[in-house]
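Peer 1: Got a structure for you, questions after.
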Amino acid sequence: MPETLQLALAAVVLAAAVSDLKRGRIPNWITAPGAVLGLALQSYHSGFQGALSSLVGAALGLGIFMVLYLAGGMGAGDVKLFGAVGALVGPQALVLVFVFTGLLGGIAAIALAMAHGRLRQTLAQTGYLMLSFGRLRWEEARQASSLHAPGALRLPYGAVIAGGALLFLVV
């Protein structure tokens, strides 16, 4: 992966992480330029194939997290950030970023639940949520998701996505 793409990826995900940690949201002024920069740099480095890879990566990134957003388990900024990451790295690398992000997200979620003394409750709710997904019962999944419920534990997933993307760069 060319150094310019690596630097752009690091800058976009770090800006998103800081925003999510400080304000609890990832603004469009971070994600939209990140996606455009990914398309421009991929095109510059690899021509038409790079542009195609960037567009497919962005679509895959949006699609992966859109399901979780529609179920009420993730914010729109997280979805757009992962689309921008996809535009920067392309679809093949995005799969690896997704795996790293998922592993880090699981660890962070368990640590957050433990820190608040709610591990058992969180695991039970997660099991019910996964069961609802497996049965394709979207409304049940949406109701089981507690993203906007009062007192809900909120994991700033922009920081987790940043961690997964940075781990990808290191590996």
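Peer 1: How large is the dipole of region 3-170 about the Cα centre if only Lys and Arg carry +1 and Asp and Glu carry -1, each at its Cβ, rounded to the nearest 20 debye?
Peer 2: Details: 10 positive and 5 negative charges, 96 e Å.
I would put it at about 460 debye.
Peer 1: Only Cα pairs within less than 10 Å get springs; with that Gaussian network setup on the chain, which residue of Gly34, Gly24, Gly90 has the largest fluctuation?
Peer 2: Gly24
Peer 1: Considering only the other residues whose Cβ falls under 14 Å of the Cβ of Trp29, what net charge follows from Lys and Arg at +1 and Asp and Glu at -1?
Peer 2: Overall, the nearby charge balance is +2.
Peer 1: Give me the angle, in degrees from 0 to 90, between the Cα long axis of helix 3-23 and the longest principal axis of the Cα atoms of the chain, rounded to the nearest 10.
Peer 2: 30 degrees
Peer 1: With each run of n ≥ 4 DSSP H residues scored as -39500 (n - 2.57), what mean residue ellipticity at 222 nm is computed for the chain after dividing by its residue count and rounding to the nearest 500 deg cm²/dmol?
Peer 2: Rounded to the nearest 500, it is -28000 deg cm²/dmol.
Peer 1: Report the full-extension gain for the segment Gln125 to Trp29: residue separation times 0.36 nm, less the Cα-Cα distance, to one decimal in nm.
Peer 2: Using 0.36 nm per residue and subtracting the Cα-Cα distance, I get 31.2 nm.
Peer 1: I want to verify a result. In a Gaussian network model of the chain, Cα cutoff 10 Å, which of these has the top mean-square fluctuation: Leu62, Leu131, Leu153?
Peer 2: Leu131
Peer 1: Among Gln6, Ala35, Gly72, flag the residue with its Cα farthest along the positive direction of the charge dipole of region 1-141, charges on Cβ as +1 for Lys/Arg and -1 for Asp/Glu.
Peer 2: Ranked along the dipole, the leading option is Gly72.
Peer 1: Distance from a point 7 Å along Cα→Cβ of His116 to each backbone N in region 54-89: keep the residues under 16 Å and list them by number.
Peer 2: Once the point is set 7 Å along Cα→Cβ of His116, 73-75 turn out to lie under 16 Å by backbone N, inside region 54-89.
Peer 1: Subtracting the Cα-Cα distance from 0.36 nm times the residue separation, let me have the gained length for Ala10 to Val36 in nm, one decimal.
Peer 2: Contour length minus the Cα-Cα distance gives 7.9 nm.
Peer 1: Among Ser46, Ser54, Ser19, which one moves the most in a GNM of the chain with springs linking Cα atoms closer than 10 Å?
Peer 2: Ser46
Peer 1: Note down the relative contact order for region 1-142 as a percent, whole number, built from C-alpha pairs under 8 angstrom at least six residues apart.
Peer 2: Dividing the mean separation by the residue count of region 1-142 yields 23 percent.
Peer 1: Further, regarding this structure: What is the Cα centroid distance between region 157-171 and region 19-55, reported in whole angstrom?
Peer 2: 15 Å
Peer 1: Report, to the nearest 10°, how far helix 91-115 tilts away from the longest principal axis of the Cα atoms in the chain, using its own Cα long axis and a range of 0 to 90°.
Peer 2: The two axes meet at around 30 degrees.
Values in this text are rule-based calculations from the coordinates and carry no lab data. Given the structure is predicted, the values throughout are model-derived calculations rather than measurements. Quick reminder, even Gly has a Cβ in these numbers, built from the backbone with ideal geometry, and neighbours come from all protein chains shown.
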